[in-house]
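Input: a single structure, listed below in structure tokens.
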Amino acid sequence: EPITLPENFFFGAAMSGPQTEGRWAEGGKLENLWDTWSIENIDDFYNKVGSYVGNDFMTMYEEDLRLLKEELGFTTFRTSIQWSRLLDRDGELNPAGVEWYHRLFAAAGEAGLEIFVNLYHFDMPTYLFRRGGWENREVVDAYENYARKAFAEFGQEVRYWFTFNEPTVEPEQRYQEGVWWPFTKNFNRARTVQYNISIAHAKGVQAFREAQSAGLVRDDARIGLINAFMPPYTKDDPSDADLEAVRMVDGINNRWWLDLVTKGELPADVMETLAERGCVLPVRPGDDAILARGTVDWLGCNYYQPTRVQAPSRDVDDAGCPVFADKYVWPDAVMNESRGWEVYPKGIYDFGMTAARDYPDLEWFVSENGMGIEGEYKNRDASGKVQDDYRIDFVRQHLTWIAKAIEDGARCVGYHYWGAIDNWSWNNAFKNRYGFIEVDLMENYRRVPKLSAAWMRQVATSHIVS
Ligand code: BGP
């Protein structure tokens, strides 16, 4: 029997403003963290590596929208508004930014694509970061102002809105793991950031509801959140301490957001344990009432890899913060060596089953999934097409598990592939390519479909996973 996905299941592409748009300083755009970091740290910033050019989407967008629709058979796509492009330093609308997003959203409609718009994709305006970023509650107010302005300006054009992309990843990368600027390693500060983003999310949802009641946002519009839900696993035959590690990692990465968006609260057991271990969150009187407004209409689940955790080897780290778990590599893991991420397609099924059991009313979709590969240009055939059969295999396996999850009761309604057209990425620039469509940096960012493009199109238009 062929594996099929429901008729109303949608296929699309996910991308972000800072990774694609380029033209970082044009039209009154402010610097965001990536622009500033690139200027200060990448020598060949002007040589096509930074968010300076992205993948040149602001030049190529009409062609890109056509490629998504015609070459890949998609009907939807997500991008993000860059806060630093839409608003000026006083938090007022920047006319050139307003004009661009109106133009983009109209072009999406003309291309036959339903656009999903996310408000924040790791791209804080630098001047706000210099005021303390998400550690400063005034930045939460600035976000609320941004959200209100975006809903009022584009509320008639856009149906699907999201407050944040991966609200655990930013604190983790910037403040906990020290991977992104400012390269801080402090678990407690990361949780402060995560908490304040939760407040910002809830205020964003409230702003959306109010704009909808006031008729500024269309009646059929929906608001959601997108998170990287990494199902946690531990060893076979785990100790109590291993299970405790799972509880806290799951609590911080997954349940934190699932509880917030379905119940309007943060998981009590996680909050208690954090407090017991000296991780103090910047809670203010009245916050519970704010968080209570954070429930959404549906949810995006970004899925790349599982988390494998075990009991930590120490209780406290060098910064004096609590340690709840150690990561480990599963002996049977299949790795994507380019990215260093485990490929475990069944993880999406497990997420779906957990969601169906613990959050049965929640509708969700796979909002990112994809495979970034280094040096793909070496796999070009005589016609110049990248032969990425591994990507076909990757997507096929994930779609197969998604189909099974739906069969077993998961309320999963769609699939967005990350980086369907190669784009710039954070610390890795253009090293790992995700696309079904290649972006040739040597040839003016020319778009060239890879082998996988035709396969994807076939699946997206037939709903048969072959
Ligand atoms: C997600 C982000 C994306 C994207 C993707 C791939 O976490 O939402 O912005 O970058 O991961 O990761 P990377 O680009 O680091 O390979």
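Quick notes
- Taken across region 271-293, residues that are away from the ligand (no atom under 16 Å from the Cβ) and closer than 30 Å to Trp401 by Cβ do not occur at all.
- Residue that is farthest from the ligand (Cβ to nearest atom) [pool: residues in region 364-378 that are among the acidic types (Asp, Glu) and crowded, with 17+ Cβ neighbours inside 10 Å]: Glu376
- Residues of region 323-343 that are within 16 Å of the ligand (Cβ to nearest atom), within 25 Å of Ala190 (Cβ to Cβ), free of Cβ contacts under 8 Å to residues at least 40 places away in the same chain and not small (Gly, Ala, Ser): Trp341, Glu342.
- Across region 172-186, the qualifying residues are those that are touching a Phe, Trp or Tyr at 6+ places or on another chain (Cβ under 7 Å) and assigned to a loop (DSSP other than H, G, I, E, B), and the one among them that is nearest to Asn196 (Cα to Cα) is Asn186.
- If you go through region 393-428 and keep only what is modelled with pLDDT of 95 or more, under 20 Å from the mean Cα position of the chain (by Cα) and either farther than 16 Å from Pro6 by Cβ or within 16 Å of the ligand (Cβ to nearest atom) (or both), you end up with Phe394, Val395, His398, Tyr415, His416, Tyr417, Trp418, Gly419, Ala420, Ile421, Asp422, Asn423.
- Answer residue from region 429-463, given it is part of a loop (DSSP other than H, G, I, E, B) and closer than 13 Å to Ala13 by Cβ and is nearest to the ligand (Cβ to nearest atom) among those: Tyr434
- Inclusion of Arg457 among residues that are surrounded by fewer than 18 Cβ atoms within 10 Å (Cβ to Cβ) and either more than 22 Å from the chain's Cα centre (by Cα) or without any contact (Cβ under 8 Å) to a residue 12 or more places away in the chain (or both) is not warranted.
- Of the set (1) away from the ligand (no atom under 15 Å from the Cβ); (2) surrounded by 13 or more Cβ atoms within 10 Å (Cβ to Cβ); (3) over 30 Å from Val296 (Cα atoms), all apply to Lys346 but (3).
The values are calculated or read from the model by the stated rules, or taken from the named source; none is laboratory data. This one's a predicted model, so the numbers in the text were calculated from it and none came from an experiment. Virtual Cβ from ideal backbone geometry, glycine too; neighbours counted across all protein chains shown.
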